[in-house]
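Nothing in this text is a laboratory measurement; each read-out follows from the coordinates by a stated rule. This is a predicted model, so every value here is computed, not measured. Ideal geometry is used to build each Cβ from the backbone, glycine not excepted, and the neighbour counts take in all protein chains shown.
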Amino acid sequence: MFTPEIVKEYDQEGMLTLIETFPKQVQEAVEIGKKADLGNLAEQIKDINAIVFLGMGGSAIGGDLVKAVLAKELKVPMLVNREYHIPAFVNEKTLVIASSYSGNTEETISALKEAIQKKAMIFCITTGGKIAEIAKANGLPLIIIPSGISPRAALGYSFFPILEVFCRLSLVADKNEDIKETVLLLRDMKNELSLSTPGNKAQELAKDLQGRIPLIYGSEGFSGVVASRWKGQINENSKHVAFWNVFSELNHNETVGWENPQLTKEIHLVILRDNEGLRMKKRIEVTTEIVKPHVHGITEVYSRGISDIARMFSLIYFGDYVSWYLAMLNKADPTPVKVIDYLKRELAKI
């Protein structure tokens with residue numbers, strides 16, 4: 001079912017190669033962060049009062065993950081801003097990170113210009129485009145990352161340089177050991193989930209999701225953000241509708257919806273599991289009992305590793321493989337996003 005011939009026919013732009021080489025991307029991204037010229041940010045950062053991350057789509061998810069995985073350490077609030085405008089509280093003591101893979105994301109450009117007007121502390125991360133031009137024109141620290149791939153496949157480049165910058169600015173503790181663990185774990189998972197390992201767990205889950213509606217549940221900490229990542233990867237790579245939600249919030253509304261089972265038989269529920277506390281484990285257990293009679297099936301995916309970063313990326317990496325295998329089952333090229341391209345062309349006419 002999953003053969004080299006299938007890859008050649010449907011994965012014409014090499015998404016599988018990008019997934020397989022992700023551990024190497026992580027290493028490259030860390031080095032980019034270590035070598036980045038931060039100007040005088042280290043001095044300015046002493047009076048920091050907040051962090052605002054500007055981004056959309058695949059670029060914004062990097063900010064979401066940074067915020068989630070560092071929540072226990074960051075001493076100031078962090079906000080991921082997906083809008084044309086920045087919050088009113090942004091001022092010269094706010095660290096603003098403008099992230100756009102293409103460098104031409106209109107919402108990010110608009111918000112960046114406002115941050116410059118407010119004299120915020122700013123650094124930019126991009127492959128080039130207008131963001132790079134604005135950064136150079138205003139003397140802002142600029143991190144250039146490799147171009148030529150889909151933003152969603154460049155997650156390593158949108159996460160690890162920022163993580164490294166945070167470490168260099170002493171916003172969080174050094175993460176070298178956590179990163180080493182993450183790379184080794186991802187290499188192991190690559191061998192386990194590869195095309196040459198028939199019947200692996202990612203392939204089996206993709207088969208369960210084919211022709212169904214995937215619903216991804218995360219919980220406290222980073223797994224809720226990872227659930228959102230899964231949803232986006234299934235949408236874009238697999239060309240397949242999917243939805244997500246997060247415990248405990250879903251227990252205060254969505255759980256009631258399962259009382260109408262006529263609409264739910266085509267749903268396959270995926271629950272991302274991590275080191276939940278006792279009450280969260282009980283929530284998941286009871287919710288599973290409620291949902292089980294009304295869905296096609298339920299799959300629990302457990303994180304692996306010791307550090308938060310390793311466990312988070314173990315869930316992300318597994319989901320990336322699932323989305324690719326589902327794309328092959330759907331006979332869809334994972335790379336193009338023609339609907340999004342069409343939307344951008346239409347907006348460009350305004």
Completion exercise
By the Cα gyration tensor axes a ≥ b ≥ c (a/c under 1.5 gives rounded; else a/b larger than b/c gives prolate, otherwise oblate), the shape of the range 36-174 is rounded
Problem - Segments 258-271, 141-154, 174-187, 220-233 sorted - mean Cβ within 10 Å per residue, highest first - result: 220-233, 141-154, 174-187, 258-271
Practice task
Starting from the Cα of Lys119, draw a straight line to each of the aspartates and glutamates and keep only those under 18 Å, dropping any in the same chain fewer than 8 residues away.
Solution key: Glu43, Asp47, Glu92, Glu133
Exercise for the section: Over the range 197-329, calculate the relative contact order: mean separation of alpha carbon pairs under 8 Å at least 6 apart, over the residue count, as a percent. Expected result: 35
Completion exercise
Cα gyration tensor of the range 197-329 diagonalised, 5x eigenvalues square-rooted, in angstrom largest first, produces semi-axes 21, 20, 12
Practice task
List, in the order given, every pair from Lys190/Lys349; Lys8/Lys136; Lys35/Lys72; Lys93/Lys136 whose Cα-Cα distance in the structure shown is over 31 Å.
Solution key: Lys190/Lys349; Lys8/Lys136
Exercise for the section: Run down the lysines and flag those whose C-alpha is under 20 Å from the C-alpha of Lys265, throwing out any fewer than 8 positions away in its chain. Expected result: Lys207, Lys231, Lys292
Practice task
Treating only the Cβ atoms of Lys and Arg (+1) and Asp and Glu (-1) as charged, compute the dipole magnitude of the range 36-174 about its Cα centre; round to the nearest 20 debye.
Solution key: 100
Completion exercise
For the chain, the convex hull over Cα atoms projects on average to an area in nm² of 18.1
Practice task
Might you report the magnitude of the Cβ-based charge dipole of the range 172-243 about its Cα centre, with Lys and Arg at +1 and Asp and Glu at -1, to the nearest 20 debye?
Solution key: 380
Exercise for the section: Counting residues in the range 185-224 as N, plug N into 2.2 N^0.38 Å and put the Cα Rg over that result. Expected result: 1.45
Exercise for the section: Would you mind checking the tilt of helix 223-236 against the longest principal axis of the Cα atoms of the chain, expressed as 0 to 90 degrees and rounded to 10? Expected result: 80
Handout entry: Descending principal axes extents, the range 103-181, alpha-carbon based, whole Å
Key = 39, 30, 18
Handout entry: Residue (of Met121, Ala68, Leu195) at the positive-pole extreme of the chain, dipole from beta-carbon charges
Key = Met121
Exercise for the section: About the Cα centre of the chain, how large is the charge dipole given +1 on each Lys and Arg Cβ and -1 on each Asp and Glu Cβ? Please answer in debye to the nearest 20. Expected result: 340
Handout entry: Shape of the range 93-224, Cα gyration tensor, a/c cut at 1.5
Key = prolate
